[in-house]
Amino acid sequence: MISGLRVCVVMPAYNAAKTVRRTVAEIDRSVADDMILVDDQSKDDTVRVAQELGLHVVVHSKNRGYGGNQKTCYAEALKRGADIVVMLHPDYQYSPRLLPAMAGMIASGHFDAVLGSRILGVGALAGGMPIWKYVANRFLTASENLLLGYKLAEYHTGYRAFSRRLLETLPLEENSDDFVFDNQMLAQAIWFGFHIGEISCPARYFPEASSIDFRRSVKYGFGVLGTALEFRAARLRLTKSPRFAETGRKLLPAVTE
Ligand SMILES: Nc1nc2c(ncn2[C@@H]2O[C@H](COP(=O)(O)OP(=O)(O)O)[C@@H](O)[C@H]2O)c(=O)[nH]1
Ligand SMILES: [Mg+2]
């Protein structure tokens, strides 16, 4: 609880058995009222470990991808009464200790989304971010700031907090089931006029924390540019897009079987 608001941590998991224990150990239980892990058909023991940890576990019957996983995460969190939802990767990449700070920024009422930024003030490279990922991050961020008309230090962190109001408003079902979901969601938040805040967050890079290879990163990069162009075209009323429209499909109940 923060300021009487119910805080739910959601963890989209794929092969996180080796890292989920360490991640959960650093979550402040006096703040996190509910902890949900959605397993996307991991090939390891993620589900067993998560159950041992006492998390609320939802299992996809087939692999849907990272974006599909998050759709289930948010639908489940709302169903269970969350006022503030914090998405934390169970790969121990981002510091769980910043969760109260992020949830606190939402609780302040100033922001509907808060990002844990690896770029802002902490030196992503010092944390071990590969140089090619850093350069791509800076380039994509600059392009997006221009096309989306917003100002963020990065759009690509996987550590995010959201208000219930934002999650009930965005047509998240219109978004990809792949990695670009993250980016589409932020573009939607800007489209609908929500305020996005950022805090500094150190990130670690080690084999279990980072599996996205060059090929998938390139696909993500083009997806990001496509999203920003789609946003700009919709703003200029050149095209219509269900992703950037008042109507559009809101979150559906989680489908697990
Ligand atoms: N559902 C799903 N999630 C995945 C897949 N690959 C990675 N993830 C999750 O997506 C998140 C980001 O992936 P990760 O490899 O850590 O990316 P990086 O840290 O940005 O290099 C992690 O929480 C993973 O658990 C996948 O194929 N399917
Ligand atoms: Mg990672």
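The values are calculated or read from the model by the stated rules, or taken from the named source; none is laboratory data. Since this is a predicted model, take the numbers as computed values, not measurements. Cβ atoms come from the backbone with ideal geometry, glycine included; neighbour counts cover every protein chain shown. What goes into the accessible areas is simple: the full protein's heavy atoms, side chains included, and nothing from ligands, DNA or RNA. Shrake-Rupley method; radii C 1.70, N 1.55, O 1.52, S 1.80 Å.
The residue list Val47, Tyr159, Asn183 was ranked by how far each Cα lies along the charge dipole of the chain toward its positive end, using unit charges on Cβ atoms, and Asn183 comes out on top. For Ser143 and Val218, a Förster radius of 22 Å and the Cβ-Cβ distance give a FRET efficiency of 0.90, rounded to the nearest 0.05. Taking every C-alpha pair closer than 8 Å and separated by at least 6 residues, the mean separation divided by the residue count of the chain gives a relative contact order of 24 percent. Computed over protein heavy atoms with a 1.4 angstrom probe, the accessible surface ordering of Val59, Val180, largest first, is Val59, Val180. Rounded to the nearest 20 debye, the dipole size of the chain about its Cα centre is 480 debye, using +1 on the Cβ of Lys and Arg and -1 on the Cβ of Asp and Glu. Among the trypsin sites (Lys or Arg not before Pro) within the stretch 196-242, those in coil by DSSP and having at most 10 neighbouring Cβ atoms inside 10 Å are Arg237, Lys240. Between the residues Pro242, Pro207, Ala103, the greatest Cα displacement towards the positive end of the dipole of the chain, with unit charges on the Cβ of Lys, Arg, Asp and Glu, is found for Pro242. When the C-alpha to C-alpha distance is required to be over 23 Å, the pairs from Lys62/Lys240; Lys18/Lys43; Lys79/Lys250; Lys71/Lys219; Lys18/Lys250 that qualify are Lys62/Lys240; Lys18/Lys250.
For the stretch 30-77, trypsin sites (Lys or Arg not before Pro) are listed when DSSP marks them as loop and at most 15 other Cβ atoms sit within 10 Å of their Cβ; the list is Lys43, Lys62.
Taking 7 Å steps out from each Cα toward its Cβ at Leu238 and Ser211 produces label points 3.8 nm apart.
Cα centroid separation, the stretch 55-120 to the stretch 191-236: 16 Å.
Applying both filters, DSSP loop and at most 13 other Cβ atoms within 10 Å, to the trypsin sites (Lys or Arg not before Pro) of the stretch 94-162 gives Lys151. With each label modelled as a point 7 angstrom along the Cα→C-beta vector, the His195-Lys79 pair spans 3.3 nm. Consider all pairwise Cα distances in the chain and report the whole-number % of them above 33 Å. For the chain, the share of Cα pairs beyond 33 Å comes to 12 percent.
Taking every DSSP beta bridge that has both ends in the stretch 7-239, the antiparallel portion is near 30%.
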